[in-house]
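*Asks:* Please read through the structure below; I'll follow up with questions.
Readers should treat all values here as calculations from the given coordinates under stated rules, not as data from a laboratory. Note that this is a predicted model, so its numbers are computed, not measured. Quick reminder, even Gly has a Cβ in these numbers, built from the backbone with ideal geometry, and neighbours come from all protein chains shown.
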Amino acid sequence: MKIGPVKEVFKNLFKKPMTVMFPEEVVEIPERNRGRHHLDIDNCISCGSCAKICPNRAIRMIEAPPDFKEKYPKTYPQVDLGKCCFCALCEDVCPKDALTLTTNVFLATFEKEDTYVNPIEV
Ligand code: SF4
Ligand code: SF4
């Protein structure tokens, strides 16, 4: 009988597990990880560059909800995370640093609507 595997089992019995009890515990997300988008709408100049550069056509320029149209009369990016590949080209091209990818990677949802990052959440 080979002793290797048995030795390996005993060695690992006393090691801290690699996994965590999600969702009560979460692993630390690296600072540069690319997750859910955030739009700083006050910095957005509605140039549409983010939508144009997106290789997956995951960004549409849409109007603000009726209650906000007076303050934000132009069109603003809406990101469909269901289409996004998190390449961050939209972040790189934004001339005003208005669109950024956050470290929020907990994106699982049952509702299709929840995959949209809207310019203003109502
Ligand atoms: S991260 Fe890439 S794929 Fe996702 S919305 Fe931005 S440009 Fe499109
Ligand atoms: S988020 Fe940036 S790139 Fe996209 S429309 Fe606004 S200013 Fe332009």
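*Asks:* Could you work out the helix-only [θ] at 222 nm for the chain, with each DSSP H run of four or more residues adding -39,500 (n - 2.57) and the total divided by the number of residues, to the nearest 500 deg cm²/dmol?
*Replies:* -4000 deg cm²/dmol, from helical runs alone.
*Asks:* What percent do you get for the relative contact order of the chain when only Cα pairs under 8 Å and 6+ apart count?
*Replies:* 32 percent
*Asks:* Using just the alpha carbons, could you tell me how many Å³ per residue the convex hull of segment 1-51 encloses?
*Replies:* That works out to 182 Å³ per residue.
*Asks:* Leaving out same-chain residues fewer than 8 places away, which aspartates and glutamates sit with a Cα under 17 Å from that of Lys11?
*Replies:* Counting by Cα, and skipping residues close in sequence, Lys11 has no aspartates and glutamates nearby.
*Asks:* Still on this structure: If you wrap segment 30-117's Cα atoms in a convex hull and average its projection over all directions, what's the area in nm²?
*Replies:* 5.9 nm²
*Asks:* Compute a Gaussian network model of the chain, connecting alpha carbons closer than 10 Å, and tell me which residue from Glu63, Glu28, Glu91 fluctuates the most.
*Replies:* Highest fluctuation among the options: Glu28.
*Asks:* Could you check which residue among Asn12, Asn104, Asn56 shows the biggest mean-square fluctuation in a GNM of the chain with a 10 Å Cα cutoff?
*Replies:* Residue with maximal mean-square fluctuation among Asn12, Asn104, Asn56: Asn12.
*Asks:* Let me ask another. Starting from the Cα of Asn56, step 7 Å along the direction of its Cβ; do the same at Cys87; then give the gap between the two resulting points in nm.
*Replies:* Going by the 7 Å Cα→Cβ label model, 1.0 nm.
*Asks:* Using the crude model of +1 on Lys and Arg Cβ and -1 on Asp and Glu Cβ, and no other charge, please compute the dipole size for segment 30-117 relative to its Cα centre, in debye to 20.
*Replies:* So the dipole magnitude of segment 30-117 works out to roughly 320 debye.
*Asks:* Of Lys16/Lys83; Lys16/Lys112; Lys52/Lys112; Lys69/Lys96, which pairs sit farther than 32 Å apart, going by alpha carbon to alpha carbon?
*Replies:* As for pairs spanning more than 32 Å Cα to Cα, those are Lys16/Lys83; Lys16/Lys112.
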